[in-house]
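Working notes, structure below.
The values are calculated or read from the model by the stated rules, or taken from the named source; none is laboratory data. These figures come from a predicted structure and were not determined experimentally. Cβ: placed from backbone, ideal geometry, glycine included. Neighbour counts: every protein chain shown. In case anyone asks, the SASA skips ligands and DNA or RNA and just uses the protein heavy atoms, side chains included. Shrake-Rupley method; radii C 1.70, N 1.55, O 1.52, S 1.80 Å.
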Amino acid sequence: MKPEKYLKNYINGQLVPPISGQSITLYNPAIGEVYAYAPDSTQKDVNEAVEAAEAAFPKWSKIGIKTRFRLMMRLADIIEQYLEEFAQAETTDTGKPITLSRTIDIPRSHSNLRFFATAIAHFSSEAHQMENQAINYTLRQPIGVVGCISPWNLPLYLFTWKIAPALAAGNCVVAKPSEITPMTAFLLSKACIEAGIPPGVLNIIHGYGPIAGQAIIEHPKVKAISFTGGTNTGRKIAAIAAPMFKKLSLELGGKNPNIIFADCDFEEMMATTLNSSFANQGQICLCGSRIFVEEPLYERFKAEFVKRTRMLKVGDPTSAITNLGAVVSDLHREKILSYVELAKKEGGKVLCGGEIAEVGGKNAKGYFLKPTIIEGLAHDCRTNQEEIFGPVVTIMPFKTEEEVLMYANSVEYGLSTTIWTNHISRANRMAEQIHAGVVWVNCWLLRDLRTPFGGMKSSGVGREGGLEALRFFTEAKNVCVKYM
Ligand code: NDP
C-alpha cells in the first residue's frame, strides 16, 4: 500500500492512466516541493467511469446486503491494516500533523465504511394503512450511478463519508477527490482491488474540479451528486444539476461562532477552544473562527488564549509533538495572509501570529503560518463575514444573549456553533435560536455518525449522516395496494 509517484485513475476495477496523458503536479506543503503527479482527467475518462458504473449497477444493486456488507468491511479492514501508510500519505499530501492523520483522518475513514456497511442492515421503510381500503408501503431503491466530490481538508475522511452510504445503499459511484490531495484516494483504489470490490462499483477519477469534476456533474447518467466544498463551487454545481433534476446534497462553507459565557468550565473551554480554532491549521469547515466572549470573562479569556496560542508548536507535520503543520498550498497561505491585512485595514489588532512561521531545516520552504488571534473588529466587517479557512480567529466581547445571537446569526453561513455555559436553560434557548445545522454545547467535534450533519443558509442543502445519507442515496417509491 505504498504511495506512487504517478497516480492513476481507478476505472472498472483497473488502475489506468488518463486518456489525455497529462498530469497534475502534486506538492508536499510542508517541504514546498513537487513529490508526485496525478492524472489530469477529462470528460473522456469520466465517460468511461460512468459506463463502467452503469454496467456494474444491475449486479451490485441486487447482490444483497450481506455481500455488500462483507466487501465493505473487508475494505475497512484493509485501510485499518495499512493505517500507518495511509496516515503518512495523508500528512505528506496535506501538511497536517501526523498525529491528526493517525488518530482522526484514517480511523474515521474505516469507521465510515463500517458504519454504513452495518447501517444498511438496519434501514427500514414505512407502511401507511388506509383503514378498510388499502395499504401503502414505501420501497427505498438504489438510484443507479451517483457522483461524489470532496475537498482537500479532510481527504479520505470526507471521501469515504460519501462513498460508503452510496455503496451500502446499492449504488455505483464515480468519485473525485480534490486534485490538491488525491494520494489517499489513490491508495483507496488499491485497497478496493485487494478487497475484491467488483469492477465498476467504485470508480475514482483524478483531475481538476472545473474539468473532471464538472464532467461528473454534467453527465446525464449520473443521477445524484453528493458534494462537499466551497459555497461558490456549490452554487455552480447547483446551477448545472438543478435543471437536470438530479438529487443534490451540498455541504459547503462555514463561519462558525464559538459563544463563551462567563459561567462555563474555563479549563475545558480553553483546551477545546484552542482545538476548535487551530486544529488542522484551522482548515476544518467546523472550526469556530468567530469567538464571542461574555464581558466579565473577556480579559481573562484573552490573556490565557493568547498565552496558550503562542505556545502551540508550528512545524514539521511528521513530528508527533507538532500542533500545527503546513497549510495546504502557497496560494492558500497567500489568501489567509490577505485576510490578516484586510483585518488590519478594518481596524483589527493582531494579538499574536498574523505572519509566516519560519520553520528551518527540510521544512524551510514549507507553507507554515503562525496561529493568529485578532481583536477589535465589528461583527459585520468582511473579516468576520467571509470564510478564511486558516489558523485565524477573531475575538469579540458581548453583554447579552440577544446581542450575541444577533452577532452569531449575522453571517450568510449556518454550519455549526459551539456554546459554552453551565446554564442548561440558556444553552437550550440559544441552541433553538441559532442558525446552524450542528450545535455543540460544552464540546466541539464530538460526532455520532447517526446524527444528521450539514448546514443551513449558504452552508448547504440537505443532510448527511446516518439514515439521512441512506435516504439521500435511495429513491422512495410508494406502492398502494387496495384491499379486495
Ligand atoms: P472547492 O469547492 O474548491 O473544491 C471542492 C471539490 O470540488 C474539489 O474536489 C474540487 O476539485 C471540486 N470542484 C471544483 N470546481 C468544480 C466544478 N466546477 N465542478 C465540480 N467539481 C468542482 O473546495 P476546497 O477543496 O477548497 O475545500 C474547502 C471548502 O470546503 C471550504 O469552503 C470548506 O468550508 C468546505 N468544506 C465543507 C464541509 C462541510 O461539511 N460543510 C467540510 C469540509 C470542507 P479540485 O480541488 O480538483 O479543483
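Residue by residue, here is whether (1) open to solvent by 50 Å² or more (accessible area, probe 1.4 Å); (2) β-branched (Val, Ile, Thr) holds:
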residue: SER416; (1), (2): no, no
residue: THR421; (1), (2): no, yes
residue: ALA431; (1), (2): no, no
residue: CYS443; (1), (2): no, no
residue: THR451; (1), (2): yes, yes
residue: GLY466; (1), (2): no, no
residue: PHE473; (1), (2): no, no
residue: LYS477; (1), (2): yes, no
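Would you check if LEU252 is aliphatic (A, V, I, L, M) and either open to solvent by 10 Å² or more (accessible area, probe 1.4 Å) or within 12 Å of the ligand (Cβ to nearest atom) (or both)? The answer is yes for LEU252. For region 453-464, filtered to residues that are of a type outside the set (Phe, Trp, Tyr) and part of a strand (DSSP E or B), the residue that is surrounded by the most Cβ atoms within 10 Å (Cβ to Cβ) is GLY460.
Taking residues in region 278-294 that are under 23 Å from THR91 (Cα atoms) and open to solvent by less than 10 Å² (accessible area, probe 1.4 Å), and partners anywhere that are within 9 Å of the ligand (Cβ to nearest atom) and of a type in the set (Val, Ile, Thr), the pairs with Cβ atoms closer than 7 Å and at least 6 places apart or on different chains are GLN283/VAL328.
Yes/no per residue for (1) assigned to a strand (DSSP E or B); (2) more than 19 Å from ALA164 (Cβ to Cβ):
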| position | (1), (2) |
| --- | --- |
| TRP440 | yes, yes |
| LEU445 | no, yes |
| ASP448 | no, no |
| THR451 | no, no |
| ALA469 | no, no |
| LYS477 | yes, yes |
| VAL481 | yes, yes |
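Tell me which residues, restricted to region 330-365, are touching a Phe, Trp or Tyr at 6+ places or on another chain (Cβ under 8 Å) and either open to solvent by less than 30 Å² (accessible area, probe 1.4 Å) or not assigned by TED's automatic domain parsing to the domain that holds GLN385 (or both). Across region 330-365, the qualifying residues are HIS332, ARG333, ILE336, ALA357, VAL359.
When region 2-21 is limited to residues that are assigned to a strand (DSSP E or B) and open to solvent by less than 40 Å² (accessible area, probe 1.4 Å), the one that is farthest from PRO317 (Cα to Cα) turns out to be ILE11. Determine whether region 192-204 contains at least one residue that is within 22 Å of SER459 (Cβ to Cβ), open to solvent by less than 40 Å² (accessible area, probe 1.4 Å) and within 16 Å of the ligand (Cβ to nearest atom). There is no residue in region 192-204 that is within 22 Å of SER459 (Cβ to Cβ), open to solvent by less than 40 Å² (accessible area, probe 1.4 Å) and within 16 Å of the ligand (Cβ to nearest atom).
Anything in region 149-187 that is in a loop (DSSP other than H, G, I, E, B) and β-branched (Val, Ile, Thr)? List them, or say none. Across region 149-187, the qualifying residues are ILE180, THR181.
Against the numbered list (1) of a type outside the set (Ser, Thr, Tyr); (2) closer than 25 Å to ASN12 by Cα; (3) in contact (Cβ under 8 Å) with a residue 40 or more places away in the chain, GLN214 comes up short only at (3). The set of residues from region 452-475 being acidic (Asp, Glu) and more than 15 Å from the ligand (Cβ to nearest atom) comprises just one member, GLU475. Is it the case that some residue within region 417-436 is within 13 Å of the ligand (Cβ to nearest atom) and either without any contact (Cβ under 8 Å) to a residue 40 or more places away in the chain or under 24 Å from LEU351 (Cβ atoms) (or both)? Within region 417-436 (the criterion being within 13 Å of the ligand (Cβ to nearest atom) and either without any contact (Cβ under 8 Å) to a residue 40 or more places away in the chain or under 24 Å from LEU351 (Cβ atoms) (or both)), the answer is no, since none of the residues qualifies. Here GLY229 meets the list (1) closer than 18 Å to PRO155 by Cα; (2) in contact with a Pro (Cβ under 6 Å, 6 or more places away or on another chain); (3) more than 10 Å from the ligand (Cβ to nearest atom) almost entirely, failing just condition (3). What do you reckon, is LYS8 of a type in the set (Lys, Arg) and closer than 22 Å to VAL222 by Cβ? Judged against the criteria, LYS8 is a match. The residues of region 383-406 that are more than 24 Å from the chain's Cα centre (by Cα) and either open to solvent by 40 Å² or more (accessible area, probe 1.4 Å) or within 15 Å of the ligand (Cβ to nearest atom) (or both), listed by number, are PRO397, LYS399, THR400, GLU402, GLU403, MET406.
Considering region 142-179, the residues that are surrounded by fewer than 22 Cβ atoms within 10 Å (Cβ to Cβ) and hydrophobic (A, V, I, L, M, F, W, C) include one that is farthest from MET484 (Cα to Cα), namely TRP152.
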